Structure formats: C-alpha cells, structure tokens
Amino acid sequence: MSKEKDRFVTKWQKTREQGFWRFVLAAGVIRWGLLAATLFVGTQLLLSNLNGWAEIPLAFIFFPIGGFAWGTLMWVYSEKRYERELT
C-alpha cells in the first residue's frame, strides 16, 4: 500500500470510530455549513448586497442543511474508498 493510501486508511479508521453522526455534524454542518454561511453573509455585508436582514437567518438555515448533505456524501465516498483501499 502506498503512503497516501496508508495515511488515508489510518485517518479514516479513526474518523469512522467516532461515527457517522459526529462526522456529519462536525465536518458537514459546522465546518462546511456554518463557515459557508458566515462567509456568505460577510461577503454580502461588505458588498452591500443584502436584500434585507431576512437573508441572514436563511443563510444560517440553508447552508448547514447543505453541509449535512455534503457530510453525508463525503462519508459515503470515504467509506467506499476505505473498502477499496483495504482490498
């Protein structure tokens, strides 16, 4: 197994021990969703492109939902890769 594959397998084993929900919430909802919402709102505020304050709570609702979807897809992809690397 190459070093890259070995690093992935080792890291993913630790990640999967923590479980699906922790990964999706930490990597998807918090890291991706909240970061994207914050960057979106910050950019819109700097550029004065907000069409009222209603966009702010919407960003903090819909970006984390997208983060949940992203986290779930990344879990599925990583599980498939993990299984492939072990064979």
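The values are calculated or read from the model by the stated rules, or taken from the named source; none is laboratory data. These numbers come from a predicted model, not from an experiment. Positions of Cβ are backbone-derived with ideal geometry, glycine not excepted, and every protein chain shown enters the neighbour counts.
Checking Ala59 against (1) among the aliphatic types (A, V, I, L, M); (2) out of contact with any Gly (no Cβ under 8 Å at 6 or more places or on another chain); (3) within 30 Å of Thr87 (Cα to Cα): exactly one of these is not met. Which one?
The failed condition is (3).
Restricting the search to the stretch 14-63, which residues are closer than 14 Å to Trp75 by Cβ and polar (S, T, N, Q)?
Listed by number, the residues that qualify are Thr15, Gln18.
So the check is Cβ under 8 Å with 6+ separation or different chains; which pairs have a first residue in the stretch 18-45 that's assigned to a helix (DSSP H, G or I) and a second one that's modelled with pLDDT of 95 or more and polar (S, T, N, Q)?
Listed pairs, sorted by first residue: Phe23/Thr15; Val24/Thr72; Gly28/Thr72.
So which residues in the stretch 1-12 are without any contact (Cβ under 8 Å) to a residue 60 or more places away in the chain and in a helix (DSSP H, G or I)?
The first filter runs over the stretch 1-12 and keeps only residues without any contact (Cβ under 8 Å) to a residue 60 or more places away in the chain, leaving 2-4, 6-7, 10-11.
If the condition is that a residue be without any contact (Cβ under 8 Å) to a residue 60 or more places away in the chain and in a helix (DSSP H, G or I), then Lys3, Glu4, Asp6, Arg7, Thr10, Lys11 are the ones that fit.
For Thr15, are the conditions met, namely being hydroxyl-bearing (Ser, Thr, Tyr), assigned to a helix (DSSP H, G or I) and free of Cβ contacts under 8 Å to residues at least 60 places away in the same chain? Please lay out each step first, then the result.
Working: hydroxyl-bearing (Ser, Thr, Tyr): yes; assigned to a helix (DSSP H, G or I): yes; free of Cβ contacts under 8 Å to residues at least 60 places away in the same chain: no.
So Thr15 does not fit the description; no.
Which residues, counting only those in the stretch 31-87, are surrounded by 13 or more Cβ atoms within 10 Å (Cβ to Cβ), under 30 Å from Ser2 (Cβ atoms) and hydroxyl-bearing (Ser, Thr, Tyr)?
Thr72, Ser78, Tyr82
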